[in-house]
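Encoded as structure tokens, the structure appears first; notes follow it.
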Amino acid sequence: MKKLIVLGNWKSEKTLQDATVWMETFASLVRQSERQQQPDVTTILCPAFIHLPYFSGHLGSLPLRVALGAQTISAYPAGPYTGEISADMLSGLVSYAMIGHSERRRLLGETDASVRAKVEMARAREIAPVVCVSELDEVRALHDAYPDYETYGTILYEPLAAIGSGQPDTPENADAKASEIQAILGKLPVLYGGSVKPENASGFFAMPHISGVGVGGASLDPGKFYEIIESAGSSG
Ligand code: PGA
């Protein structure tokens, strides 16, 4: 069985109240489902920082294992860095940290250098990095900094035109890119992201070089997110 990963990225969405409603609906869908445990699927939920303590207290009661991830992590250690959330603060709360999402590279000044610093911070606290890339140059920069990245990291490949546009890349194109990424970094898990929906997820799961999907918009809807997890469970 191929191991598949489904990562939900909520981005800058949902109030505390919205998160509670999402969780209640998600929990009832999981409990109603005939195939609750999906041993070959790793589900990772990356809500905003403010939601992490709530989910950490509630996900454990589900009959489906859902790991938590941060959407970013500070490039600095704990200390006088106002507004930053350090790896120390996240340690024990999340298992994964997304690093270098294209929205952060484009709008919030993230660079290959900050990605490098963040990978180091995450690793020092045993938080698994999920570096997001859109271009092979970003992959090469990561390999130059961390030639052994394949031994602990995951890549989320997201072509810019596919993000939030409703126009996903084709599974074949995405697979070809995943294969190029693996030619640079080695045989690590490469996820595809960009307009993944319940209707198109299985096409990506079937590809030989793709190990799962990153889901933005559709993860905000607990029904759609769970459908994608179930589709991974029957595709592995
Ligand atoms: P989308 O976002 O699924 O809404 O296209 C994907 C992402 O940016 O992670």
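The values are calculated or read from the model by the stated rules, or taken from the named source; none is laboratory data. Model, not experiment: these values are computed from the prediction. Positions of Cβ are backbone-derived with ideal geometry, glycine not excepted, and every protein chain shown enters the neighbour counts.
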Of all residues in region 204-236 being part of a loop (DSSP other than H, G, I, E, B) and within 15 Å of the ligand (Cβ to nearest atom), the one that is nearest to the chain's Cα centre (by Cα): G216
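Of all helices (runs of 4 or more DSSP H) completely enclosed by region 102-163, which ones contain at least 1 residues that are buried (at least 23 other Cβ atoms within 10 Å of the Cβ) and of a type in the set (A, V, I, L, M, F, W, C)?
Values: elements: 102-107, 112-124, 136-145.
Counting at least 1 such residues, we get 112-124, 136-145.
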The number of residues in region 69-101 that are closer than 26 Å to S134 by Cβ and assigned to a helix (DSSP H, G or I) is 2
State whether one or more residues within region 42-51 are farther than 19 Å from M98 by Cα, over 13 Å from the mean Cα position of the chain (by Cα) and not in a strand (DSSP E or B). no
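Scan region 13-36 and tell me whether some residue there is under 18 Å from G153 (Cα atoms), not small (G, A, S) and not in a loop (DSSP other than H, G, I, E, B). If you could, list the steps in order and put the result at the bottom.
First pass over region 13-36, keeping only residues under 18 Å from G153 (Cα atoms): none.
Among the residues of region 13-36, not one is under 18 Å from G153 (Cα atoms), not small (G, A, S) and not in a loop (DSSP other than H, G, I, E, B), which makes the answer no.
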Would a scan of region 45-65 turn up a residue that is among the small types (G, A, S), surrounded by 13 or more Cβ atoms within 10 Å (Cβ to Cβ) and more than 16 Å from the ligand (Cβ to nearest atom)? yes
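Would you call V196 touching a residue at least 24 places away in the same chain (Cβ under 8 Å), part of a strand (DSSP E or B), within 16 Å of the ligand (Cβ to nearest atom) and aliphatic (A, V, I, L, M)? Can you show your working first?
Details: touching a residue at least 24 places away in the same chain (Cβ under 8 Å): yes; part of a strand (DSSP E or B): no; within 16 Å of the ligand (Cβ to nearest atom): yes; aliphatic (A, V, I, L, M): yes.
Considered against the rule, which asks whether it is touching a residue at least 24 places away in the same chain (Cβ under 8 Å), part of a strand (DSSP E or B), within 16 Å of the ligand (Cβ to nearest atom) and aliphatic (A, V, I, L, M), V196 comes out as no.
Here are A178, A201: which of them is within 11 Å of the ligand (Cβ to nearest atom), within 18 Å of the chain's Cα centre (by Cα) and crowded, with 16+ Cβ neighbours inside 10 Å? Working first, answer last.
On the way: A178 fails: within 11 Å of the ligand (Cβ to nearest atom).
The match here is A201.
Looking at R116, R140, R125, can you tell me which residue is closer than 18 Å to C46 by Cα and at pLDDT 95 or above?
Working: R116 fails: closer than 18 Å to C46 by Cα; R140 fails: closer than 18 Å to C46 by Cα.
Going through R116, R140, R125 in turn, just one is closer than 18 Å to C46 by Cα and at pLDDT 95 or above: R125.
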